[in-house]
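Taking it in order: structure first as structure tokens, then the write-up.
The values are calculated or read from the model by the stated rules, or taken from the named source; none is laboratory data. Only a predicted model underlies this, so the values are computations on that prediction, with no experimental measurement involved. Cβ: placed from backbone, ideal geometry, glycine included. Neighbour counts: every protein chain shown.
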Amino acid sequence: MAARPSPYLDDLNPAQRAAVERLDGPVLMLAGAGTGKTKALTARIVHLLMTGKARPNEILAVTFTNKAAREMKARVGRMLGQPAEGMPWLGTFHAICVKLLRRHAELAGLKSNFTILDTDDQLRLLKQLVQAAGIDDKRWPARMLAGIIDGWKNRALTPDRVPAADAGAYNRKGVDLYAQYQTRLRELNAVDFGDLLLHMVTIFQTHQDVLEQYQRWFRYVLVDEYQDTNVAQYMWLRLLAGAHRNICCVGDDDQSIYGWRGAEVGNILRFEKDFPGAHVVRLEQNYRSTPHILAAASNVIRGNEGRLGKELWTDAEGGEKVRLIGHWDGEEEARWIGEEIDAMQGGTRGMRSFHLDEIAILVRASHQMRAFEDRFLTIGLPYRVIGGPRFYERMEIRDAMAYFRLVVSPADDLAFERIVNTPKRGLGDKAQQTIQITARAHGVSLVEGARLALEQGLIKGKGGAALGQLVGDLARWGRMVEDADLSHMELAEIVLDESGYTAHWQNDKTPEAPGRLENLKELVKALEGFENLQGFLEHVSLIMDNESQDAERKVSIMTLHAAKGLEFPAVFLPGWEDGLFPSQRSMDESGLKGLEEERRLAYVGITRAEELCTISFAANRRVFGQWQNAMPSRFIDELPEDHVEVLTPPGLYGGGGMPAPGIESRAAEANVYNSPGWKRLQARQGQRGMSQPRESRNTVIDMEAVASFTIGERVFHQKFGYGAVIEIEGDKVEVAFDKAGTKKVVARFLSAKDD
Ligand code: ATP
Ligand code: MG
């Protein structure tokens with residue numbers, strides 16, 4: 001080993017250092033979150049370079065996201081402390097395979113300038129094939145077919161290799177369509193994402209010379225987040241490293257969260273079999289999180305069976321307990337988190353002050369983001385959504401918004417173009433051109449152009465009938481805007497239902513469809529906060545403009561899946577409710593597989609936090625304007641009491657914002673407090689003793705202390721303001737409010753005021 005100074009080794013612990021210095025032969029680093037796996041992997045790259053073991057282009061390092069690749073590159077650069085001649089091959093499986101496939105495209109029957117299809121293109125193509133084959137596309141929606149094909153590609157199965165049992169399950173139709181699809185892609189000189197790996201694995205398997213070239217070339221292979229590799233990726237790695245066996249994989253079985261996308265934790269077990277004599281390194285010291293956070297994460301993941309089992313420890317001391325808070329509903333949760341972030345910025349929570357970019361909100365489902373985006377926009381809190389489009393940029397949301405735009409302003413041609421054939425109305429390019437030409441000839445909007453084209457008999461048949469229906473519907477919905485008896489939420493639902501757009505996703509059997517339907521419900525819910533459709537549309541156009549300069553410090557909002565490998569000083573984990581997290585789907589499944597993956601996701605979430613982790617849930621979520629009671633997540637029961645501080649919901653006891661509009665009716669109040677979720681929270685708070693936020697702005701009344709109101713006492717109510725108690729009946733209190741007159745309210749909504 002070269003006797004050069006090696007500062008990058010000095011800040012590693014002995015176990016990490018051993019993993020870094022053992023450069024030759026297979027190494028499996030299997031360790032829990034925050035134990036410095038990624039750090040060690042990065043140091044290993046530097047060590048390979050510094051010791052002269054490898055030149056940059058002889059190193060192949062695979063990361064899970066492009067962002068992780070960029071960060072690793074930057075870190076390697078810094079650790080080297082000197083410019084290296086070139087950089088290692090560092091990127092995601094996909095990014096690396098694109099580069100390789102361009103060099104060898106002809107071996108896959110492609111030209112090197114092949115195009116990579118996005119999901120929309122892929123679906124369009126599949127749809128055409130299904131129709132051309134005379135198959136009922138209701139029974140074979142393109143999305144379902146795409147899901148099946150992706151599944152095969154994840155397992156590196158070309159059409160001729162799909163096992164008979166799999167092929168038979170779809171009556172051979174799936175596999176036949178798969179074969180046709182591959183042929184069509186070649187004709188188009190195109191690939192989809194799954195092809196990138198599939199083609200490279202196939203080329204390696206059938207062209208020994210090419211494989212050997214790369215085996216010589218990539219003398220050292222390193223893989224981060226190994227637990228989430230699928231079979232095709234694993235095969236690709238095994239082929240590349242098969243000869244020299246210099247492969248180092250790091251991962252954590254407890255963080256395997258892509259099973260639904262074909263990842264196989266089994267790859268970890270296979271590694272030791274395929275690379276006998278592998279040096280297995282276990283790291284147990286966590287450098288990321290406080291003991292409370294670590295204890296909470298460890299306790300939750302303990303609920304999973306079939307773990308490889310690891311214990312984590314830290315020599316860090318002190319820190320805040322994991323904070324748990326229940327809210328009235330999702331809007332209030334967003335409001336509270338917004339206020340909390342404000343307070344944390346100012347350092348008024350008895351803790352150090354946090355910068356916005358030290359704070360992340362990690363959600364289970366992307367539709368949860370909307371409430372935060374709206375709230376943060378309202379209070380002017382800068383945020384960014386990481387990984388995946390922001391709520392209002394999602395396909396289904398933009399489609400729905402296009403309908404709303406047309407209802408409000410029929411001359412919105414862009415909106416018309418977007419939805420004229422969504423859902424499919426049998427209006428092909430030709431019909432759409434006819435509409436354009438007619439509109440232009442008469443100098444009118446597309447909607448009007450469509451009407452004229454129909455009148456002149458230019459568009460006929462099924463498409464013509466459907467277009468006529470759409471044009472008529474748009475005019476009718478437009479008139480309904482003026483209908484005082486119809487709320488704009490109702491109108492929105494009518495539009496989405498009658499246009500067939502909701503049904504379009506209901507009939508879709510792919511994994512994303514339920515999420516898209518959820519997003520649509522969420523959209524209708526968002527409307528409630530606005531006077532009318534117009535006001536809402538303006539609000540959204542403002543949101544779209546909100547992207548300010550990137551250098552600004554911002555709160556990060558992302559899904560738990562996107563947060564893998566990242567760390568933040570303060571993390572909020574909202575929406576811990578059964579049915580949301582764990583997801584309904586995982587709870588409905590027989591067996592524990594889905595639920596265990598959800599639990600790993602909980603583990604990933606908690607372990608992202610360095611100093612402060614706040615978990616929250618709402619007793620109620622509104623879906624389509626309807627209350628739904630939610631039970632706190634079963635994972636909450638798995639949090640260790642000693643490491644958790646239960647906060648008092650300030651929106652109920654004073655201190656939060658105003659109640660969400662429309663939910664202060666007594667019926668709603670009763671509903672909230674009768675919800676099983678709420679009762680469970682109450683029981684919990686009873687057990688643990690109620691703790692209060694460090695700095696509640698109003699006096700907080702203990703639930704048990706409700707009876708201690710006295711006649712004549714001054715009180716404060718979120719909605720009605722100040723007043724005096726005139727009568728007490730059980731949990732109802734009659735109050736003479738200074739401004740709002742005499743009202744009977746639920747006692748819990750009152751806080752005592754001694755002024
Ligand atoms: P995850 O499983 O979440 O991907 P990881 O095991 O990859 O986590 P890293 O991200 O590499 O963990 O490290 C977690 C944190 O601990 C980082 O901030 C890193 O700088 C720090 N760290 C790692 N090893 C050490 C060490 N030996 N001394 C001090 N800090 C360390
Ligand atoms: Mg990592």
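Observations on the structure shown:
- Across region 217-245, the number of residues qualifying as more than 17 Å from Thr63 (Cα to Cα) and either buried (at least 23 other Cβ atoms within 10 Å of the Cβ) or touching a helix residue (DSSP H, G or I) at 6+ places or on another chain (Cβ under 9 Å) (or both) comes to 6.
One line per residue, one yes/no per condition, for (1) of a type in the set (S, T, N, Q); (2) away from ligand 2 (no atom under 15 Å from the Cβ); (3) buried (at least 24 other Cβ atoms within 10 Å of the Cβ):
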{"site": "Asn13", "(1), (2), (3)": "yes, yes, no"}
{"site": "Glu21", "(1), (2), (3)": "no, yes, no"}
{"site": "Ala31", "(1), (2), (3)": "no, no, yes"}
{"site": "Thr35", "(1), (2), (3)": "yes, no, yes"}
{"site": "Lys39", "(1), (2), (3)": "no, no, no"}
{"site": "Ala54", "(1), (2), (3)": "no, yes, no"}
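- Only one of Arg216, Arg184, Arg245 that is at positive phi and away from ligand 1 (no atom under 16 Å from the Cβ): Arg245
- Qualifying residue in region 87-97 (condition: in a loop (DSSP other than H, G, I, E, B) and either loosely packed, with under 14 Cβ neighbours inside 10 Å or more than 16 Å from ligand 2 (Cβ to nearest atom) (or both)): yes
- Residue check, Leu312 surrounded by 20 or more Cβ atoms within 10 Å (Cβ to Cβ) and of a type in the set (A, V, I, L, M): yes
- Verdict on Ile116 being modelled with pLDDT under 85 and closer than 28 Å to Glu225 by Cα: yes
- Which numbered condition Phe372 fails, given (1) assigned to a loop (DSSP other than H, G, I, E, B); (2) buried (at least 20 other Cβ atoms within 10 Å of the Cβ): (1)
- Qualifying positions in region 576-596 - out of contact with any Phe, Trp or Tyr (no Cβ under 6 Å at 6 or more places or on another chain) and either within 16 Å of ligand 1 (Cβ to nearest atom) or assigned to a loop (DSSP other than H, G, I, E, B) (or both): Asp578, Leu580, Phe581, Pro582, Glu589, Ser590, Gly591, Leu592
- Filtered residues of region 42-75 (kept if within 16 Å of ligand 1 (Cβ to nearest atom) and part of a loop (DSSP other than H, G, I, E, B)): Thr63, Phe64, Thr65
- Residue list for region 350-398, filter: over 19 Å from Glu332 (Cβ atoms), of a type in the set (Lys, Arg) and in contact with a strand residue (DSSP E or B) (Cβ under 9 Å, 6 or more places away or on another chain): Arg352, Arg384, Arg390
- Looking across Ala69, Ala105, Ala95, one residue alone is without any contact (Cβ under 8 Å) to a residue 12 or more places away in the chain, out of contact with any Pro (no Cβ under 8 Å at 6 or more places or on another chain) and within 30 Å of Asn189 (Cβ to Cβ). It is Ala105.
- Scan of region 141-155 for residues that are farther than 20 Å from His199 by Cβ and outside any helix (DSSP H, G or I), ordered by number: Pro141
- Subset of region 487-516 that is free of Cβ contacts under 8 Å to residues at least 60 places away in the same chain and assigned to a helix (DSSP H, G or I) - its residue that is farthest from Gln584 (Cα to Cα): His488
- From the options Ile435, Ile397, Ile459, residue that is under 27 Å from Ala503 (Cβ atoms), part of a loop (DSSP other than H, G, I, E, B) and in contact (Cβ under 8 Å) with a residue 12 or more places away in the chain: Ile459
- Residue in region 258-280 that is at negative phi and within 13 Å of ligand 1 (Cβ to nearest atom) present: no
- If you go through region 351-369 and keep only what is part of a loop (DSSP other than H, G, I, E, B), touching a residue at least 40 places away in the same chain (Cβ under 8 Å) and not basic (Lys, Arg), you end up with Met351, Phe354, His355, Ala365.
- Residue match in region 386-403 (condition: of a type outside the set (A, V, I, L, M) and more than 23 Å from the chain's Cα centre (by Cα)): yes
- When region 1-41 is limited to residues that are within 11 Å of ligand 1 (Cβ to nearest atom) and part of a loop (DSSP other than H, G, I, E, B), the one that is modelled with the lowest pLDDT turns out to be Asp11.
- Against the numbered list (1) assigned to a loop (DSSP other than H, G, I, E, B); (2) at pLDDT below 90; (3) in contact with a Gly (Cβ under 9 Å, 6 or more places away or on another chain), Gly318 comes up short only at (3).
- Qualifying positions in region 50-73 - modelled with pLDDT under 85 and more than 16 Å from Val223 (Cβ to Cβ): Lys67, Arg70
- Consider region 56-83 and keep the residues that are within 16 Å of ligand 2 (Cβ to nearest atom) and among the small types (Gly, Ala, Ser). The one that is surrounded by the most Cβ atoms within 10 Å (Cβ to Cβ) is Ala61.
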